[in-house]
């Protein structure tokens, strides 16, 4: 028991990597150096339409081949846009699977390497905000789940602790992979305890007496062995049914997790999960009733986080204020003060990136 408690306090959380979040235009990546119609044609010839489009778009007007590059760009741009939309659908799947870091990396690559039209660029920027907010919520839930594991182990509720840590590791695979092995060794110890406990209470099955074979009478035929009927072929599962089942399971898990957070007075995490349930199922009565009950606590948390963020802001420590602004946006998406704080953070990050390019 002591070993398990010590292990439960040893899960390391890597500091979150900041990502700019705001409804503010992101700076466009620098164009390829030495862009020419010939280099664009070479990229297109080797099948790299994304690189070809960026090169064609960067050929300067002073170049004699500028007109040819523009015509070539018109030819490849529809394909590049189609590829970008395919990637955005993958991003949506990543976000649905809570793989926010994977979604963010794909979006950053899209922004930095694709020649995006204005509409697609806005889609990329919007999903970057969603991925960032999802990662912030997942980090908060991960820390809370780790906190809940130790008292469960201390109380001897190893099954509940195991479930809590497995859920935590599901989140950590995306947002904190460096902490996976620390948590897995605790999980292994709990599994060992539960297996040993199950064996200790396992009833011993009685040994059946041997049945003596009956002698056949003279002229009696050898009995024909019974043949078990072939198992029925499993019915094909429609993809839509599978998706609906996954959605229902996700809703059930979110509601269960939110209720656990609520019982442990982790009100911020409970509110975030209930809000996510409402996004997935607008008519969910459980989420509606819980959010109505938690509304005073939500307002109290918003005020508390804003006060903390403003205290850091007045000390000119915007980096320390940003996590609290993020928390406000997660439970009060329309809060202008928090959105402005995040926008200021984004602008500073943009200035830093521009300086690094020089």
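So which residues in region 159-181 are more than 23 Å from residue 97 (Cβ to Cβ) and crowded, with 19+ Cβ neighbours inside 10 Å, if there are any at all? Selection gives 161 alone.
Only one entry of 226, 198 meets the criterion of being loosely packed, with under 10 Cβ neighbours inside 10 Å and either assigned to a helix (DSSP H, G or I) or modelled with pLDDT of 65 or more (or both), and that entry is 198. Taken over region 52-71, residues that are assigned to a loop (DSSP other than H, G, I, E, B) and closer than 8 Å to residue 37 by Cα amount to 2.
Quick one: would you say residue 140 is farther than 30 Å from residue 198 by Cα and either surrounded by 18 or more Cβ atoms within 10 Å (Cβ to Cβ) or in contact (Cβ under 8 Å) with a residue 60 or more places away in the chain (or both)?
Details: farther than 30 Å from residue 198 by Cα: yes; either surrounded by 18 or more Cβ atoms within 10 Å (Cβ to Cβ) or in contact (Cβ under 8 Å) with a residue 60 or more places away in the chain (or both): yes.
So residue 140 passes the test.
Of all residues in region 289-304, those that are free of Cβ contacts under 8 Å to residues at least 60 places away in the same chain have Cβ atoms under 6 Å from Cβ atoms of residues that are in a helix (DSSP H, G or I) and surrounded by fewer than 18 Cβ atoms within 10 Å (Cβ to Cβ), 6 or more apart or on another chain, in 297/267.
Based on what the data block shows, is residue 247 assigned to a helix (DSSP H, G or I) and within 24 Å of residue 344 (Cβ to Cβ)? Break it down stepwise before answering.
Values: assigned to a helix (DSSP H, G or I): yes; within 24 Å of residue 344 (Cβ to Cβ): no.
So residue 247 fails the test.
Taking the conditions (1) buried (at least 16 other Cβ atoms within 10 Å of the Cβ); (2) over 30 Å from residue 248 (Cβ atoms) in turn, residue 277 satisfies each one other than (2). Outside any helix (DSSP H, G or I), modelled with pLDDT under 90 and buried (at least 17 other Cβ atoms within 10 Å of the Cβ) - does that describe any residue in region 109-126? Scanning region 109-126 turns up no residue that is outside any helix (DSSP H, G or I), modelled with pLDDT under 90 and buried (at least 17 other Cβ atoms within 10 Å of the Cβ).
The values are calculated or read from the model by the stated rules, or taken from the named source; none is laboratory data. As the structure is a computational prediction, the values presented were derived from the model and not from experiment. Neighbour counts run over all protein chains shown; Cβ positions are idealised from the backbone, glycine included.
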